[in-house]
Amino acid sequence: MNPALQGLITIIIGVGGCVGYFYASNLFLDKVLFPARGIEKGKADRSRLVGMLFFFLLPALAIVLLYGRPFPLVVLQEAGNLFRLVLSVALVWLLYVAVNFLLPPGERTAGDNITRANMIRPWLFLAPALLALTVYLAYPVIETLRLSLTQRLPGGGYAYVGLQNYEKMFAEPKFWEALQNNLLWLIVVPALSTVFGLLAAQLSDRIRWGNLAKSLIFMPMAISFVGAAVIWKLVYDTRPVDQEQIGVLNALYLFFGGTEPQTWLTIPFWNSFFLMIVLVWIQTGFAMVILSAALRGVPEDTIEAAIVDGANPFQIFFKIKVPQIMGTIVVVWTTITIVVLKVFDIVFAMTNGQWETQVLANYMYDKLFRANDWGIGSASAMIIMLLVTPILIWNVYNARKEMR
Amino acid sequence: MDNIVGKKPALTWAVNISMAVLVALWLFPTLGLLVSSFRTADQIASSGWWSSLGTQERQVPAIRVEGTEVEVDGRFVIEGRLFDTTDARVSAWGTSSRQPEAYAPGQVVDLDGGATLTVIEDGTYVLSSPVTTEGTRLPRIFSTAATPPEFTTENYRAILFDPKNTDGMAKAFFNTLTVTIPATIIPILVAAFAAYALAWMDFPGRALLIAAIVGLLVVPLQLALIPLLKLHNDIGIGKGYLGTWLAHTGFGLPLAIYLLRNYMVGLPRDIIECAKVDGASDFQIFTRIILPLSFPALASFAIFQFLWTWNDLLVALVFLIDSTGETTVMTKQIVELLGTRGGNWEVLATAAFISIAVPLMVFFAMQKYLVRGLLAGSVK
């Protein structure tokens, strides 16, 4: 089938399915299961019978059939049959309790019905999103952790190997190189992006063509990492010494007295910086937009007071404005930090980790799809997760604080 | 406050100039790619792209004299032009590769057999010979000329519309589009319903769920690769569009829910309560009131998701592109070109610019929503 057609059908099925699901499930909830009127005993019993059939018996059967037998979809497949049995019994029991609570024997008043419908409805709205989040984000975290402790056996299946994958990984110099580079990235990229972003935000708010300037600096945000890699490879391009240089950097280097053209991306240590510049170039726009909004939010009277006290523009900026937007600076910093931890495309496209430019994400990709070593690949993914975790916790903590 | 601070003329100048430098620095690399994509391979290889914007003097590859022979006053004369344009200025020319700058324009040079050749400044040449030159090898002319900027759209034609070109981007372009559109539309709807529940419905565990979504916001994609690939293989999706759409949907959801929920919480409570009093169901409130009012948030997420899926490489590499390469996307194609055609900048620049063009258009058209989304989306 033509992929475009397939795409169109998927859109129709996806969107139609979503709308249909939400509409039908709400309708079913309000009209059939819990209509907004009282139900006398006989009808209630019948509805309980139907409810039990659809909401308890069939799902319970599914749990037993699918979970009781080895089924590929099942997460904890290798956790042992006994464990599976216990879990499926527990699931079935939970289901029974829930259904029994929702459809108690005996008559129900209109109020009962409305309360119950309103208890279920949020979960109807949430169900597709929760399912997707669980399968595509939550489950992989646990599964990756598990895989990082196992080894793929040649004939299929997995063997538990404890921390061996980690030990093997720690013994590899390439891993330490990647980690070292990643830490360098973590310091340089957020710092430079924030500084340039702050500079651009502060300057652009003072000039007439500020909006145009902002949107030009912001523009690289729309460019893919791969596109940016091509753009900057042209900047770093090297021609033999007797030809005219077509890369800006070499042209400038020679213009300012360099003796011979350099192949910038192959100079160990410094080449990492040439890669970082690409990400700084992309992320500065983001920092600028957020910080510019924060700078505008700085109360004017604090600035006026400083002027009255005779502060010069630099003092106003560093002593009045920056302290007041510190919170936003931290947000920008952490957001860029996360981007840095996941950086893959730039290194993949520009050097592919050669000449000591390896980073964790690319190291992991190497392990997974070139060396085909899922154990070490997962272990390195867990290292990335570990590095992200403090920010994750901090974000959650702040979000909760804000909600209260 | 701008009437007090930094109004000193000197400072205003400094601000203007530093901003101009900053913008120039940021624009310069992209401009280089854009300009290069309109130059021929020869031009790119022989001079930096920045010099192509102005008139540049360079050595022109040898051109062999050709044209119809006319008999004038007993001599056989061939007249012709070295360049298609009339704006080129020849500064020196020669007839052998060892001495390409031997003669000045206008100089009449004697060749073997009594023939004379002259090239004048605007690039026209006259070859005059006492005997007919028909059937003989005519001399070549080497010249150094200042040519005005010259651009071509040939690269784009070759990359986009030449079906025989294996470096072509047409297929990859449509594949990218095929990935992007469903992957942008589907999560919006799923997320909108969830966001409504999280914003306006009361149920136990709501705060916990919101916290979990904030947490999932930063979970690195890398963790999901193997488990999901395994899952996709197990349930028979394998590598393909369906798996890619699902993956993009899953990865985009936390941000979508987070953005939309934050926006929906800010909608006026009165409207929703009035509607409830009037007997609207939650479903009606959602479709008739919340969804239309949330348009700005929906738009900003749509842009994010579009840019992210269009620019993505990793997800496509892992979940989409199989060994046949039929489903390659533009980012992958460019990486491939970087490997195989590393020095051919006319191919690379054009291919890259084709992939960049669409996001840039979206960016400039809908920047307002993008900025709004960024401001709402960064966890404060």
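The values are calculated or read from the model by the stated rules, or taken from the named source; none is laboratory data. Since we're looking at a predicted model, the values are computed, not measured. All Cβ positions, even for glycine, are placed from backbone atoms using ideal geometry, and neighbour counts span all protein chains on display. Surface accessibility is based on the protein's heavy atoms, side chains included, excluding ligands, DNA and RNA. Shrake-Rupley method; radii C 1.70, N 1.55, O 1.52, S 1.80 Å.
For chain A, relative contact order (Cα pairs under 8 Å, six or more residues apart, normalised by length) works out to 18 percent. Burial here means at least 10 square angstrom less accessible surface with every protein chain in place than with the chain by itself, probed at 1.4 Å; in the range A:120-135 the buried residues are A:121, A:122, A:123, A:125, A:126, A:128, A:129, A:130, A:132, A:133, A:135.
Partner shielding of B:146-153 amounts to 0, given as the average count of beta-carbon atoms from other chains within 10 Å of each residue beta-carbon. Need the C-alpha centroid separation for the range B:307-380 versus the range B:257-290, integer Å. Each part's Cα centre sits 36 Å from the other's. Spin-label model, residue A:267 to residue A:158: label points 7 Å out along the Cα-to-beta-carbon direction sit 4.5 nm apart.
Only Cα pairs under 8 Å and 6+ residues apart enter the sum, and on that basis the relative contact order of the range A:183-258 stands at 14 percent. For the protein assembly as shown, the equivalent ellipsoid built from the Cα gyration tensor has semi-axes of 61, 33, 27 Å, listed from largest to smallest.
All other residues with a Cβ under 11 Å from the Cβ of residue A:272 taken together, and with Lys, Arg as +1 and Asp, Glu as -1, what is their net charge?
On the way: positive: none; negative: A:177, A:356.
Within the 11 Å Cβ shell, the charges total -2.
Counting only protein heavy atoms and using a 1.4 Å probe, what share of the accessible area of the protein assembly as shown belongs to carbon plus sulfur, as a whole percent?
Numbers: 23450 of 36080 Å².
Solvent-exposed carbon and sulfur of the protein assembly as shown make up 65 percent of the total.
Between the range B:91-134 and the range B:180-210, what's the alpha-carbon centroid distance in Å? Here the two parts' Cα centres lie 78 Å apart. Relative to the longest principal axis of the Cα atoms of chain B, the long axis of helix B:345-365 makes an angle of roughly 40 degrees. Note the buried accessible area between B and A here, summed over both chains, with a 1.4 Å probe, in Å² to the nearest 100. When B and A are taken together, about 10200 Å² of accessible area is lost. With the simple spin-label model, which puts each label point 7 Å out from Cα in the Cβ direction, the residue B:289 to residue B:68 separation comes to 8.4 nm. Can you tell me how the range B:108-164 classifies by the Cα gyration tensor, rounded, prolate or oblate, using a/c under 1.5 as the rounded cut? Oblate.
For residue A:65 and residue A:386, FRET efficiency with R0 = 41 Å and r from the beta-carbon atoms, rounded to 0.05? Before the final figure, lay out each step's value.
Numbers: r = 38 Å, r/R0 = 0.94.
So, using R0 = 41 Å, E works out to roughly 0.60.
Comparing the full protein assembly with the isolated chain (1.4 Å probe, heavy atoms, ligands and nucleic acids excluded), the residues of the range A:178-219 losing at least 30 square angstrom of accessible area are A:196, A:203, A:206, A:207, A:209, A:215, A:216, A:217, A:218, A:219. Taking B:46, B:300, B:36 as the candidate residues, the one with maximal mean-square fluctuation in a Gaussian network model of chain B, Cα springs under 10 Å, is B:46. When the Cα gyration tensor is reduced to axis lengths a ≥ b ≥ c, the ratio a/c is 1.5 or higher for the range B:301-348, and with a/b not above b/c it is classed as oblate. From its DSSP helices (H runs of at least four residues, each -39,500 (n - 2.57)), chain A gives a residue-normalised ellipticity at 222 nm of -21000 deg cm²/dmol. Rolling a 1.4 Å probe across the protein heavy atoms gives the range A:328-377 an accessible surface of 28 Å² per residue. Nearest 10 degrees is fine. How inclined is helix B:170-200 to the longest principal axis of chain B, computing both from alpha carbons? That works out to roughly 20 degrees.
Kirkwood hydrodynamic radius, computed over distinct alpha-carbon pairs, for the range B:247-311: how many Å, to one decimal? List each step's numbers first, then the result.
Numbers: mean 1/r = 0.0770 Å⁻¹.
That comes to 13.0 Å for the range B:247-311.
Counted by Cβ distance under 13 Å from residue B:293, the other residues give a net charge of +1, where Lys and Arg count +1 and Asp and Glu count -1. Considering the dipole of the protein assembly as shown built from charges on the beta carbon (Lys and Arg +1, Asp and Glu -1) around the Cα centre, which of B:259, B:132, B:178 is farthest to its positive end? Looking along the dipole axis, the top candidate is B:259.
Compute the Cα gyration tensor for the range A:167-403, then decide on rounded, prolate or oblate, letting a ≥ b ≥ c be the square roots of its eigenvalues: rounded whenever a/c is under 1.5, prolate when a/b is larger than b/c in the other cases, and oblate in all that remain.
Details: a/c = 2.57, a/b = 1.31, b/c = 1.96.
The shape class here is oblate.
Of the residues B:350, B:12, B:309, the one that moves most in a GNM of chain B with alpha-carbon contacts below 10 Å is B:12.
Across the range A:324-404, C-alpha contacts under 8 Å between residues 6 or more apart give a mean separation that, scaled by the residue count, equals a relative contact order of 22 percent.
Report, to two decimal places, the Cα Rg of chain B normalised by 2.2 N^0.38 Å (N = number of residues). Numbers along the way, then the final one.
On the way: Rg = 31.8 Å, N = 380, 2.2 N^0.38 = 21.0 Å.
Expressed relative to 2.2 N^0.38 Å, the Cα Rg reads 1.51.
Here the simple spin-label model places points 7 Å from the Cα toward Cβ, and for residue A:302 and residue B:45 these points are separated by 6.0 nm.
Each peptide in B:100-111, B:281-292 gets a packing score, the mean of other Cβ atoms within 10 Å over its residues, and the list from highest to lowest is B:281-292, B:100-111.
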